[in-house]
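Before any comments, here is the structure.
The values are calculated or read from the model by the stated rules, or taken from the named source; none is laboratory data. Everything numeric in this text was worked out from a predicted model, so none of it was measured. Glycine also receives a Cβ, built like all others from the backbone with ideal geometry; neighbour counts cover every protein chain displayed.
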Amino acid sequence: MDELLQRYGQSDKVVIKQFFDFLALRTRKSGKISDGVKKNQLVKWQKYPVPIVIRALNIYMQKDVTLTMNEKYVLGIMRNLVKEDNGIGGSKQGIDEGQRIAAKYADIGGTTECDF
């Protein structure tokens with residue numbers, strides 16, 4: 001697991017430890033998380049930039065977490081942060097309403113050409 005933590009700075013490692021402690025207390029009856037689960041999460045986080053990972057962990061720890069808001073929820077936060085950073089909103093912001101309607105109409109066999 002140490003090789004997976006190499007990409008993080010010392011202060012980042014503190015946040016990661018706090019996150020796993022927080023996650024264990026909030027989502028596990030035993031209050032513990034296995035090393036296997038930790039390792040799997042660290043592997044999944046590798047596809048995200050370090051600042052996104054740390055920001056997502058901090059956002060998660062500020063929430064009033066329920067049992068269903070487990071480590072998968074954190075991955076969703078990371079995906080959304082990447083979308084925000086790339087200028088892609090969660091609600092098709094790059095496409096205006098007319099284009100969306102025309103695309104839906106074309107999907108069912110309609111045409112958007114005017115015949116008059």
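Quick notes
- Matching residues, segment 30-60, being more than 16 Å from Lys13 (Cα to Cα), not in a helix (DSSP H, G or I) and not small (Gly, Ala, Ser): Lys32, Ile33, Lys47
- Neighbours by Cβ (under 6 Å, 6+ apart or cross-chain): first from segment 68-86, surrounded by 15 or more Cβ atoms within 10 Å (Cβ to Cβ) and assigned to a loop (DSSP other than H, G, I, E, B); second at pLDDT below 90 and not small (Gly, Ala, Ser): Asn70/Thr27
- Hits in segment 4-24 (condition: modelled with pLDDT under 90, in a helix (DSSP H, G or I) and more than 22 Å from Thr68 (Cβ to Cβ)): Leu4, Leu5
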